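Engineer: Here it is, the structure, as structure tokens.
The values are calculated or read from the model by the stated rules, or taken from the named source; none is laboratory data. Bear in mind the structure is a predicted one, so any value in this text is a computation, not a measurement. Every residue, glycine as well, gets a Cβ built from its backbone with ideal geometry; the counts of neighbours run over all protein chains shown. With ligands, DNA and RNA removed, areas are computed over all heavy atoms of the protein, side chains included. Shrake-Rupley method; radii C 1.70, N 1.55, O 1.52, S 1.80 Å.
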Amino acid sequence: MDSTDNTTETAPGGPAGDAPAPRSRWAAVQPWVTLAARVALAGILGYAAYSKLPVALSIQSVEAYDLFPDPVNEFIGITLPLLEFALALLLLVGLATRYAGAATGLLMLVFIAGIVSAWARGLNIDCGCFGTGGPVAPGETAYGVDIARDIGFLALAGIVMVWPRSPLSLDRFAGLYR
């Protein structure tokens, strides 16, 4: 065997004639798990951005939290759908995957904090995550469900952030996360 032939991977420290090192099950499955998480988050964020249009719905949702003055509510209400759409696009094409996953996770933490704040202050609002925000009748809130859902989305973002390598991504074409 020619000493320059490196076509087989050997176990560390083993002689060149040993069998190839076994690939872990996680190493084989992880790229596909990340792809599924990326696409799921892209769909969720894309739908959330779309459902906040026209922008007046988004502004109404932000105002319902009663946290900021009107100019800040308007700024957040206008820019939030744009941010969600941009993150959805980055995740869908797999560009800057780790950073898009981190930004999505941070966004989910902000959403969770907002929902917890509304719940703690006794507000009766719909979270507005999917364009239906605003006041609701007492007893019609679903804060626990909204928080649990956003924790699930946070877990997906964590997968993308920690293990960004996935097929069908522009990062892969750029030589990242092979």
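Engineer: Taking the stretch 53-109 as the region of interest, how many residues are among the β-branched types (Val, Ile, Thr) and within 21 Å of residue 149 (Cα to Cα)?
Structural biologist: Step one: of the stretch 53-109, the residues among the β-branched types (Val, Ile, Thr) are 55, 59, 62, 72, 76, 78-79, 93, 97, 104.
Pick out the ones that are also within 21 Å of residue 149 (Cα to Cα) and you get 62, 104.
Residues meeting the conditions: 2.
Engineer: A further question on this structure: Working carefully through the options 122, 128, 152, 133, find the one that is modelled with pLDDT under 95 and exposed (fewer than 14 other Cβ atoms within 10 Å of the Cβ).
Structural biologist: Within the list 122, 128, 152, 133, the selection yields 122.
Engineer: Let me ask another. Which members of the stretch 104-119 meet the condition of being more than 12 Å from residue 65 (Cβ to Cβ) and either among the β-branched types (Val, Ile, Thr) or open to solvent by less than 40 Å² (accessible area, probe 1.4 Å) (or both)? Even if it seems obvious, please write down each step before you answer.
Structural biologist: Here is the first cut: in the stretch 104-119, the residues more than 12 Å from residue 65 (Cβ to Cβ) are 104-109, 112.
Within the stretch 104-119, 104, 105, 107, 108, 112 meet the criteria.
Engineer: Separate question: Give the residue, chosen from 139, 158, that is open to solvent by less than 40 Å² (accessible area, probe 1.4 Å) and either under 30 Å from residue 61 (Cβ atoms) or not hydroxyl-bearing (Ser, Thr, Tyr) (or both).
Structural biologist: Step by step, each of 139, 158 is checked, and only 158 is open to solvent by less than 40 Å² (accessible area, probe 1.4 Å) and either under 30 Å from residue 61 (Cβ atoms) or not hydroxyl-bearing (Ser, Thr, Tyr) (or both).
Engineer: For a quick check of your reading of the model, give me the residue pairs whose first member lies in the stretch 155-172 and is of a type in the set (Lys, Arg), whose second is open to solvent by less than 20 Å² (accessible area, probe 1.4 Å), with beta-carbon atoms closer than 9 Å and at least 6 apart or on different chains.
Structural biologist: 165/30; 165/31; 165/34; 165/97; 165/171; 172/94; 172/166
Engineer: Would you call residue 95 hydrophobic (A, V, I, L, M, F, W, C) and in a helix (DSSP H, G or I)?
Structural biologist: Judged against the criteria, residue 95 is not a match.
Engineer: Let me ask something else about it. Condition first: open to solvent by 80 Å² or more (accessible area, probe 1.4 Å) and in a helix (DSSP H, G or I). Now tell me which residues in the stretch 64-77 satisfy that.
Structural biologist: The answer is 70, 71, 74, 75.
Engineer: For the stretch 40-63, does any single residue satisfy the condition of being in a helix (DSSP H, G or I), out of contact with any Cys (no Cβ under 9 Å at 6 or more places or on another chain), of a type in the set (S, T, N, Q) and more than 30 Å from residue 95 (Cα to Cα)?
Structural biologist: Yes: one or more hits.
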